[in-house]
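Have a look at the structure below before the remarks.
The values are calculated or read from the model by the stated rules, or taken from the named source; none is laboratory data. Bear in mind the structure is a predicted one, so any value in this text is a computation, not a measurement. Every residue, glycine as well, gets a Cβ built from its backbone with ideal geometry; the counts of neighbours run over all protein chains shown. Side chains included, ligands, DNA and RNA excluded: accessible areas come from the protein's heavy atoms. Shrake-Rupley method; radii C 1.70, N 1.55, O 1.52, S 1.80 Å.
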Amino acid sequence: MRAPADAVSRVETLRRQIHHHNYRYYVLDEPEIPDAEYDRLMRELQAIEAQYPELVTADSPTQRVGAEPLDAFAEVVHRVPMLSLENALDEAEMRAFDRRVRERLQSEAITYVGEPKLDGLAISLTYEEGVLRQAATRGDGRRGEDVTAQVRTIRSVPLRLEEEDWPALLEVRGEVFLPKAGFEAINARARDEGGKTFANPRNAAAGSLRQLDPRITAERPLDMFCYGFGAVEGGALADTQRGSLALIKRWGLRISPELKVLEGVDDCIGYHREIAARRDTLDYDIDGVVFKVNGLADQEALGFVSRAPRWAIAFKFPPQEEVTRLLDIQVQVGRTGALTPVARLEPVQVAGVSVTNATLHNGDEIRRKDIRIGDTVIVRRAGDVIPQVVGVIKERRPSDAREFEMPTRCPVCGSEVVRVEGEAASRCTGGLFCPAQRKETIKHFASRRALDIEGLGEELVEQLVDRGLVKDPADLYALTHEQIAGLERMGGKSAENLLTALERSSSTTFARFIYALGIREVGETNARALAAHFKTLEALVSVRKNDLVIPERGIEGIGSKKAKAIVDFFFDHPNLSVEGEFADWICGLQLRPKLNRRNCVAIADRFETLDGLRAATAEDLRYEKDVGVVEGIGATIADQIVGFFAEPHNREVISKLVDPEHAGIHWAETKTEAAVPTDHPFVGKTIVITGTLSRPRERIKEELQALGAKVTVSISKKTDYLLAGEDPGSKLDKARALGVRVLSEEELATLLDRS
């Protein structure tokens, strides 16, 4: 049947598009579309060519693997072509592949080898007489690029093979990739230096490997897993895929730690599900699982189609990137007043979930990516991460696409929006007066790690604020039974429970109270440090920045190495005496690293005498700016703390919270270690808590720790006490067997009274 004109036209269009995207992906390392979109284009072209075979040409993308190599690198002709793999997108396609394999081999069941499909750059390594002679990219599958100098910088690639039983010529195929931690580090450095960031680890790996200067490649933490073979001469591999990979591992090459031998297609599907479940815990990006027939003789019998082996398949995961249209950009206001632009999208399935909204981070990101309302955009969703717009397909931009500007007034309360110097976020100045911030502040105040007000969930907070019953956290404690019972989905019993929870929450710890205030940048660890340092609310509320941060310490120009060298030198030379001018004498010492004249003068001015310098510690010498007085509190957090307590409205709310006539929140006075009586029964004791208790376990733990106890999670011979509530479980039995003293809540309260 002759191909109709529309099929001919569509084939030509698809080929142009695929060639264009091959060039963007393989040559420029700047893909415009996600893999899922590319796969759809390729599948459509394959389907038309299958229907009309006369349309197949030698230069069709279906007859090739990739794009032309870069001109900047020498060309390498592969001894054995580096072909790509066919894809399976669901279990039915995976079972169809297995059926074809079984039919061709006339076998009831097939043994496969499975391993994660790395999202990196395919590389062929050639070893001659055990020495790495050449490394080449896949290129178009037959000709690649010589990247030997760059690959030699990858520490996981051996320059010489281990053992002695390798073939005289060995081509090993594998994937070069960039671990997630390395990817984040590279992008963080690029942002700090004002450079271009990479969209994903695959682009970063490709960009790193294609640096003309290998010294730049050496700075990137690239890695490589090997998974296959090309030419093998003057020796042999094992008779299975798994056995051959075990050989190259013994010869010093890395293979996937997830490699597994699987019996039959059901095992393969189960393995695929297992890897998918662990995908986000792996330290590298993967986009599916590769399955290969284990027997090499079976592989040879199965052979190849034009661009892929019949004995292997890539069972892909649902795409984490998809293409959709940006309908609008709206702005949300968070608890700290930060304005976050949110993309409203045409619904699209990404990683198995329907996505209609995605974060755009901030105005700077929108401008940097040149995102406009009406654009066709690429949306990414990895694991439980909030979906984000990662790029724009500008060739599809409509003529009426509109640029977006961050608002100058809060979209919720109308207050002025400001942007603090050095910050990317714009912020509403409305504070607790802004309903958006008010709701988030109250939710945080009531959260489990803060005041732990059981029953005060998101829906209830929304109602309380929307009805004007609560304007700040202190108003929670003025609520009446009638007000609560009158809310939607709240009855008399629910109202009683909430009032009980509010009353219980008024007895807390100083650290929890500080955390509950919702001071920007102050987390639980910071809150505990502030509570331990200031001990009273009065001292904390009146805090000044220099109470929290020393502007600078040490001597400018003296880092950790120089400071240590100076201290070590004087420790090793106790009998020195000064001759001549002090600064000149210091410069004349055989210090390593060598001090410059400015350092010597500064040291002499600071310490004045040899005795003063000899008594200096590394901390006295090492230069640091904005040194925190309180552990974990630097200049940025200090500014937030001081600014929070300087705001009259915040001080007013705090006064209401601790006023016995209003909220009446209180806590036991923070004790220093010295203030705890040395004969207290909990000093230095190890305590385990189990079962259901009448008070939150975390509060009891904090009280015990304040009295010098150590609270652990498991019973042992070293345990002194077990605090047992209702349904204590096996820990009670173990404690009794070990002779550990068991306390009830009443007995604990009696012992706590002694404090």
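If you take the residues of region 155-187 that are of a type in the set (D, E, K, R) and farther than 18 Å from ARG202 by Cα, which of them is modelled with the highest pLDDT? Selected residue: GLU171.
Residue by residue through region 114-139, note down the ones that are open to solvent by less than 20 Å² (accessible area, probe 1.4 Å) and over 32 Å from the mean Cα position of the chain (by Cα). Hits for region 114-139 are THR126, TYR127, GLY130, LEU132.
Of everything in region 387-419 that is small (Gly, Ala, Ser) and in contact with a helix residue (DSSP H, G or I) (Cβ under 9 Å, 6 or more places away or on another chain), the residue that is modelled with the highest pLDDT is GLY391.
Does ARG10 fit the bill of being over 19 Å from GLY139 (Cα atoms), more than 38 Å from the chain's Cα centre (by Cα) and among the basic types (Lys, Arg)?
yes
I want to confirm something. Restricting to region 276-299 and keeping residues that are among the charged types (D, E, K, R) and at pLDDT 95 or above, which single residue is nearest to ALA246 (Cα to Cα)? Restricting to residues being among the charged types (D, E, K, R) and at pLDDT 95 or above, the top hit is LYS292.
Being open to solvent by less than 20 Å² (accessible area, probe 1.4 Å), touching a residue at least 24 places away in the same chain (Cβ under 8 Å) and part of a helix (DSSP H, G or I) narrows it down to one of ALA495, ALA532, ALA501, ALA527, so name that one.
Values: ALA495 fails: touching a residue at least 24 places away in the same chain (Cβ under 8 Å); ALA532 fails: open to solvent by less than 20 Å² (accessible area, probe 1.4 Å); ALA527 fails: touching a residue at least 24 places away in the same chain (Cβ under 8 Å).
Answer to the check: ALA501.
Summed over region 295-312, the residues that are of a type in the set (D, E, K, R) and part of a loop (DSSP other than H, G, I, E, B) give a count of 2.
Yes or no, residue by residue, for (1) in contact with a strand residue (DSSP E or B) (Cβ under 7 Å, 6 or more places away or on another chain); (2) closer than 30 Å to SER60 by Cα; (3) not small (Gly, Ala, Ser):
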site: ASP119; (1), (2), (3): yes, yes, yes
site: GLU128; (1), (2), (3): yes, no, yes
site: ALA136; (1), (2), (3): yes, yes, no
site: GLY144; (1), (2), (3): yes, yes, no
site: PRO167; (1), (2), (3): yes, no, yes
site: PHE177; (1), (2), (3): yes, yes, yes
site: ARG191; (1), (2), (3): no, no, yes
site: GLY194; (1), (2), (3): no, no, no
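Please go through region 543-571 and pick out each residue that is more than 18 Å from ASP620 (Cβ to Cβ) and loosely packed, with under 13 Cβ neighbours inside 10 Å. Residues satisfying the conditions are ARG544, ASN546. Filtered by the rule that a residue be among the hydrophobic types (A, V, I, L, M, F, W, C) and exposed (fewer than 15 other Cβ atoms within 10 Å of the Cβ), region 201-245 gives LEU212, ILE216, ALA231, ALA236, ALA238. If we keep just the residues of region 414-436 that are open to solvent by 40 Å² or more (accessible area, probe 1.4 Å) and free of Cβ contacts under 8 Å to residues at least 24 places away in the same chain, which is farthest from ARG528 (Cα to Cα)? So the residue we want is GLU416.
How about region 194-240: which of its residues are among the charged types (D, E, K, R) and within 27 Å of ILE393 (Cα to Cα)? Matches in region 194-240: LYS196, ARG202, ARG210.
Here is the figure for region 602-635: residues that are over 37 Å from the mean Cα position of the chain (by Cα) and either surrounded by 18 or more Cβ atoms within 10 Å (Cβ to Cβ) or of a type in the set (S, T, N, Q) (or both) total 8. Within region 461-484, the set of residues being hydrophobic (A, V, I, L, M, F, W, C) and either over 25 Å from GLU661 (Cβ atoms) or open to solvent by less than 10 Å² (accessible area, probe 1.4 Å) (or both) comprises VAL461, LEU464, VAL470, ALA474, LEU476, ILE484.
No other residue among ILE378, ILE371, ILE366 is at pLDDT 90 or above, crowded, with 18+ Cβ neighbours inside 10 Å and part of a loop (DSSP other than H, G, I, E, B) apart from ILE371.
Close Cβ contacts (under 6 Å, 6 or more residues apart or on different chains) running from residues in region 437-460 that are under 14 Å from LEU498 (Cα atoms) to residues that are open to solvent by 40 Å² or more (accessible area, probe 1.4 Å) comprise GLY455/ASN497.
Note on region 197-283: enclosed helices (runs of 4 or more DSSP H) holding 2 or more residues that are without any contact (Cβ under 8 Å) to a residue 24 or more places away in the chain and within 21 Å of the chain's Cα centre (by Cα) are 264-278.
For THR356, the criteria (1) out of contact with any helix residue (DSSP H, G or I) (no Cβ under 6 Å at 6 or more places or on another chain); (2) in contact (Cβ under 8 Å) with a residue 24 or more places away in the chain; (3) β-branched (Val, Ile, Thr) hold in every case but one, which is (2). For region 142-193, filtering for residues that are assigned to a strand (DSSP E or B), under 34 Å from the mean Cα position of the chain (by Cα) and loosely packed, with under 15 Cβ neighbours inside 10 Å leaves 0.
The helices (runs of 4 or more DSSP H) found wholly in region 584-640 and carrying at least 2 residues that are at pLDDT below 85 occupy 618-621.
Checked against (1) under 30 Å from ARG396 (Cβ atoms); (2) touching a strand residue (DSSP E or B) at 6+ places or on another chain (Cβ under 8 Å), VAL290 passes all but a single condition, namely (1).
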